[in-house]
1. Given the criterion among the β-branched types (Val, Ile, Thr) and more than 15 Å from SER212 (Cβ to Cβ), identify the matching residue among VAL285, VAL332, VAL368.
2. Would you mind stating whether GLU13 is over 34 Å from the mean Cα position of the chain (by Cα), touching a residue at least 60 places away in the same chain (Cβ under 8 Å) and not assigned by the TED database to the domain that holds GLY127?
3. Checking GLN489 against (1) within 16 Å of ligand 2 (Cβ to nearest atom); (2) modelled with pLDDT under 95; (3) in contact with a Pro (Cβ under 6 Å, 6 or more places away or on another chain), which single condition isn't satisfied?
4. In contact (Cβ under 8 Å) with a residue 12 or more places away in the chain, within 12 Å of ALA146 (Cα to Cα) and either within 16 Å of ligand 2 (Cβ to nearest atom) or surrounded by 20 or more Cβ atoms within 10 Å (Cβ to Cβ) (or both): is that true of ILE258 in this structure?
5. Just one of ILE90, ILE113 is away from ligand 2 (no atom under 16 Å from the Cβ) and not basic (Lys, Arg); which is it?
6. Mind counting the residues in the stretch 412-427 that are within 25 Å of GLU557 (Cα to Cα) and modelled with pLDDT under 95?
7. Condition check: closer than 23 Å to GLU558 by Cβ and in contact with a helix residue (DSSP H, G or I) (Cβ under 6 Å, 6 or more places away or on another chain). Does ALA138 satisfy that?
Amino acid sequence: MTRTPARPFRSREWFAAPGRSDMAALYLERFMNYGITPDELRGGKPIIGIAQSGSDIAPCNRIHLETVKRAREGILAAGGVPMEFPLHPIFENCRRPTAALDRNLAYLGLVEILNGYPIDAVILTTGCDKTTPSSLMAASTVDIPAIVLSGGPMLDGWHEGELVGSGTVIWRSRRKMAAGEIDEEEFLQRAMESAPSSGHCNTMGTASTMNSIAEGLGMSLPGCAMIPAPYRERGQMAYETGKRIVEMAYEDLRPSKILSRASFLNAIKLLTAIGGSTNAQPHLVAMARHAGIEITPDDWRAGYDLPLVVNMQPAGEFLSERFHRAGGIPAVLTEMLANGALDGNVLTCTGKTLAENITAAQVRDRAVILPWDAPLKEKAGFLVLSGNLFDMAIMKTSVISDDFRARYLSRPGAEGVFEGRAIVFDGSDDYHHRINDPALEIDADCILVIRGSGPIGWPGSAEVVNMQPPDHLIQQGIMSLPTLGDGRQSGTSDSPSILNASPESAVGGGLSWLRTGDTIRIDLNAGSCDALVEQAEIARRKTEPAPPIPESNTPWEELYREKTGQLGEGGVLDFALKYRRTSEKAPRH
Ligand code: FES
Ligand code: MG
């Protein structure tokens, strides 16, 4: 039985363009050398790209060296031709000066591959934080049928009978070490035990968050995000994903038909329900903008009032393996749907609506997925702040601890309002050199500020805003001070920082004129954050030399600085936004 694709496969332009057998011969001959036959390439089957994100230097995604084998079998079984190629590696933890440089670089590379080669549809293999947004941004730019195959999180980590989650264990152990409770050996042991298998971070860090969002956007098969990497279901999911992308190629089911304003608002709400990473803010805005959808600072209100129901670290207790067994993202979506917090009518990669995808889903463990009306936290979304220091910054309210709330946000008659003395650091080296300097006289009423850590300043924007208090305060039991910065923080951090401040100091944002000793006033009710400094004084300070930032060290750092926008707008390559649906025009021969 021959099937007719809804749109002629673009690979025909390479291999079977009428009257151009000379061209086809040129294109065909080199694919022959790995045993592919002319019939496979010319017989009218869709060619399915597999963007391989795993490698030895991308260990969070290394499981995909295995998953793609099953994905290929699915593609072949459904009558497609698999063609695997590498994605520029992105490894969050190890990449200096920051993996944030790689999101836009991998995006550019993937656009060129998808656009310039005979690929009809693509499997996007995702895992580590930025692999998901960079792949989806590129899929939108090119706009060929695309589906996300997550690699899945690691198994739950245990240390002496206690759950230890990746990333979160680092921030918590660092405080324990500063307090003198554990030594270096114990620190290392806890960190290693938090990573017991292949897979990406097992906390609700940025990786789990972005894979969950991909599923919530309808860009992966239901249940894909949370299956642990080593589980047998992961291989089965890869096989089903391979089969499904072939059908999507025939249906011409492209990202532009799936991604909509409604689906992104769903994602903002899902983010609150799962207690997702603050890095989701720039990534979600970037994915939306490349899909031609504007998400404004006001749109985050859609998620602000909703409850946190997933009890996972860093906001809660458990890790991803148990969340998967509790029902994972489909179960959370059913809770949201039943409580009017989800638009279930949006189309997904299955060809069905989001609501149709989850009819059989259910919550199987109420310790992990709490009832909507008895959540872990009420009003747990991102709070968007603005003021004279920045136009937009966010705060993840779900990680505000009771202790922090009691100390800073519960003054009688002024709940949610805090004033503190700014201690300003120029980048993380400056912070590390001076945080324990007695001359700064840091006490419990200080706000730690870091600048030079945004997209242009760092460059790339670094996860440095969750600054730990000086040792003498930790030893007094003060585990966190209010912090503020133009960089990001790890999604695995439990710090209630004010971060992603845009515009950043390096492009003349308000943090550039802030001085140590200034008073900063934060009002969470009004969503404001201001330095109490007179206009004339601000004007005077603006004439002084700008805070120092390091020089670029590579060609890409220089180009990135020239072309990248601010975190509030997704930190995208702004000029790239004008390129959309490039697959509608075949590239010239
Ligand atoms: Fe790669 Fe966390 S470091 S997923
Ligand atoms: Mg990170």
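The values are calculated or read from the model by the stated rules, or taken from the named source; none is laboratory data. Computed from a predicted model, the values in this text were never measured in an experiment. We place every Cβ from the backbone using ideal geometry, glycine too, and count neighbours over all the protein chains shown.
1. Answer to the check: VAL285.
2. Against the criterion (over 34 Å from the mean Cα position of the chain (by Cα), touching a residue at least 60 places away in the same chain (Cβ under 8 Å) and not assigned by the TED database to the domain that holds GLY127), GLU13 qualifies.
3. Unmet for GLN489, out of (1) within 16 Å of ligand 2 (Cβ to nearest atom); (2) modelled with pLDDT under 95; (3) in contact with a Pro (Cβ under 6 Å, 6 or more places away or on another chain): (3).
4. Taking the combined requirement at face value, the residue satisfies it.
5. The unique qualifying residue is ILE113.
6. Of the residues in the stretch 412-427, 0 are within 25 Å of GLU557 (Cα to Cα) and modelled with pLDDT under 95.
7. Spelling it out, ALA138 is indeed closer than 23 Å to GLU558 by Cβ and in contact with a helix residue (DSSP H, G or I) (Cβ under 6 Å, 6 or more places away or on another chain).
A quick yes/no check of all residues on (1) away from ligand 2 (no atom under 16 Å from the Cβ); (2) of a type outside the set (Val, Ile, Thr); (3) surrounded by fewer than 21 Cβ atoms within 10 Å (Cβ to Cβ):
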{"position": "LEU499", "(1), (2), (3)": "no, yes, no"}
{"position": "GLY510", "(1), (2), (3)": "yes, yes, no"}
{"position": "TRP513", "(1), (2), (3)": "yes, yes, no"}
{"position": "VAL533", "(1), (2), (3)": "yes, no, yes"}
